[in-house]
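J.: Input: one structure, supplied below.
The values are calculated or read from the model by the stated rules, or taken from the named source; none is laboratory data. Just so we're clear, the structure is a prediction, and the values are computed from it rather than from any experiment. Note that we place each Cβ from the backbone using ideal geometry, even for glycine, and neighbour counts take in every protein chain shown.
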Amino acid sequence: MGVLPDSSIGMSWFTEGFTTYYQDVLLLRAGLISFPEYVQHTNENLRKYLLSPARSVTNQEVIERHRKDSESDVIPYSRGATTALWLDSTIRKDTRGKSSLDTLMFDLVRQARRRKPALTAERVFRTAGKYIDGAALQQFREYAELGKTIPVQAALGPCATLQMNDVPRFELGIDREALISQHTVSGVKAGSAAFEAGLQDGQQVTRTNIYWNDVSKPVQLTVRTEGGSQVIEYYPRGPSLGLIPQYHLDAEASACPDQCVQ
């Protein structure tokens, strides 16, 4: 596969990021995922964006990084999806519910069918200016091009509320390479969740169940013992990474999910 041109990478916040946003929206609308699953996916994306060390890089820096390492451009996905979430909410607010991000996207499709113009950032911004005011349009440009931090304030319907959560760092508590390559427990960190769960250096691991970088799911390691085997389970949570916004389901969300779909 060849190297993508700068113009494609420069638009990845839209082509890849907005696609990331819509993949869950469309699955939700089609009934292929539940509203709680949609909220979970949205929260995961917000964590990826807000906790990324590349969160504030400019779009030009994304292009420069891609020239050096084509595998490094992951921030456009989460930043673009978060931008789409913000833009949908802003369009709905500025048009008093008459339009949404869907309206903007269909507008771009109609333009392409009539004149087949190139998809550029300027065309996206110009079209967005039909649905949001000048101040919001300037914000949109800054989020997409300058890496300004996107505020998370959009509602996800009546069944989810936004709260600030203390997010812990993913901490396996043992040496990852030794676990993967040698199936051995090594370098158990004193005071970690792995230490508290009873893992000890030198134990042989026969089975692993790990959701990497996900602190909401437990690590399960099956280790050999004198009596056979033992399953050790713990949550891989380390020091706090700070407070970030996360959506929480209201009590009625599971009972009436259809009311939660915008």
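J.: Got a number for residues in the range 30-56 being loosely packed, with under 14 Cβ neighbours inside 10 Å and either in contact (Cβ under 8 Å) with a residue 24 or more places away in the chain or not assigned by TED's automatic domain parsing to the domain that holds Glu142 (or both)?
T.: If we filter the range 30-56 for residues that are loosely packed, with under 14 Cβ neighbours inside 10 Å, which is where we start, we get 30-32, 53, 56.
From what's left, either in contact (Cβ under 8 Å) with a residue 24 or more places away in the chain or not assigned by TED's automatic domain parsing to the domain that holds Glu142 (or both): 56.
Result for the range 30-56: 1.
J.: If you take the residues in the range 101-141 that are more than 14 Å from Asp88 (Cα to Cα), part of a helix (DSSP H, G or I) and of a type in the set (Gly, Ala, Ser), which one is modelled with the lowest pLDDT?
T.: Ala112
J.: Within the range 190-219, count every residue that is modelled with pLDDT of 95 or more and closer than 24 Å to Asn165 by Cβ. Walk me through how you get there before you give the answer.
T.: Step one: list which residues in the range 190-219 are modelled with pLDDT of 95 or more, which gives 190-210, 218-219.
Those left that are additionally closer than 24 Å to Asn165 by Cβ: 191-194, 196-197, 210, 218-219.
Of the residues in the range 190-219, 9 are modelled with pLDDT of 95 or more and closer than 24 Å to Asn165 by Cβ.
J.: Can Gln111 be described as over 30 Å from Thr208 (Cα atoms) and touching a residue at least 12 places away in the same chain (Cβ under 8 Å)? Walk me through it before giving the result.
T.: Values: over 30 Å from Thr208 (Cα atoms): yes; touching a residue at least 12 places away in the same chain (Cβ under 8 Å): yes.
When the stated conditions are applied, Gln111 passes them.
J.: Which one of these is at pLDDT below 95, outside any helix (DSSP H, G or I) and hydroxyl-bearing (Ser, Thr, Tyr): Ser78, Ser72? Give the derivation first.
T.: Values: Ser78 fails: outside any helix (DSSP H, G or I).
Answer to the check: Ser72.
J.: Do we have any residue at all in the range 95-103 that's in contact with a helix residue (DSSP H, G or I) (Cβ under 6 Å, 6 or more places away or on another chain), closer than 25 Å to Leu249 by Cβ and in the same structural domain as Tyr22 (by TED's automatic domain parsing)? Spell out the reasoning first.
T.: From the range 95-103, those in contact with a helix residue (DSSP H, G or I) (Cβ under 6 Å, 6 or more places away or on another chain) are 99-101; that's our starting set.
After this cut, where a residue has to be closer than 25 Å to Leu249 by Cβ as well, the list is 100-101.
Next cut, in the same structural domain as Tyr22 (by TED's automatic domain parsing) only: 100-101.
Yes, the conditions are met somewhere in the range 95-103.
J.: Same structure, new question: Looking at the range 143-165, which of the residues that are more than 16 Å from Pro36 (Cα to Cα) and among the β-branched types (Val, Ile, Thr) is surrounded by the most Cβ atoms within 10 Å (Cβ to Cβ)?
T.: Among residues in the range 143-165 that are more than 16 Å from Pro36 (Cα to Cα) and among the β-branched types (Val, Ile, Thr), the one surrounded by the most Cβ atoms within 10 Å (Cβ to Cβ) is Ile150.
J.: Working only within the range 147-159, note down all residues that are modelled with pLDDT of 95 or more and closer than 17 Å to Met11 by Cα.
T.: Of everything in the range 147-159, just one residue is modelled with pLDDT of 95 or more and closer than 17 Å to Met11 by Cα, namely Lys148.
J.: Is it fair to say Asn59 is under 20 Å from Gly157 (Cβ atoms), surrounded by 14 or more Cβ atoms within 10 Å (Cβ to Cβ), in contact with a helix residue (DSSP H, G or I) (Cβ under 8 Å, 6 or more places away or on another chain) and among the polar types (S, T, N, Q)? I'd like the intermediate steps shown before the answer.
T.: Values: under 20 Å from Gly157 (Cβ atoms): no; surrounded by 14 or more Cβ atoms within 10 Å (Cβ to Cβ): yes; in contact with a helix residue (DSSP H, G or I) (Cβ under 8 Å, 6 or more places away or on another chain): yes; among the polar types (S, T, N, Q): yes.
The answer is no for Asn59.
J.: Another question, if that's okay. Got a sec? Which of Lys217, Lys189 is over 22 Å from Glu44 (Cβ atoms) and within 29 Å of the chain's Cα centre (by Cα)?
T.: On the way: Lys217 fails: over 22 Å from Glu44 (Cβ atoms).
Unique residue meeting the criteria: Lys189.
J.: Among the listed residues Ala112, Ala121, which satisfies the condition of being buried (at least 16 other Cβ atoms within 10 Å of the Cβ), assigned by TED's automatic domain parsing to the domain that holds Tyr22 and out of contact with any Gly (no Cβ under 6 Å at 6 or more places or on another chain)? Before the answer, list the steps.
T.: Details: Ala112 fails: buried (at least 16 other Cβ atoms within 10 Å of the Cβ).
Result of the check over Ala112, Ala121: Ala121.
J.: Based on this model, can you work out whether Thr82 counts as closer than 22 Å to Leu243 by Cα, in the same structural domain as Trp13 (by TED's automatic domain parsing) and buried (at least 20 other Cβ atoms within 10 Å of the Cβ)?
T.: Values: closer than 22 Å to Leu243 by Cα: yes; in the same structural domain as Trp13 (by TED's automatic domain parsing): yes; buried (at least 20 other Cβ atoms within 10 Å of the Cβ): yes.
Yes.
J.: Quick one: count up the residues across the range 148-200 that are more than 20 Å from Leu51 (Cβ to Cβ), of a type in the set (Ser, Thr, Tyr) and in contact (Cβ under 8 Å) with a residue 12 or more places away in the chain.
T.: The number of residues fulfilling the criteria is 3.
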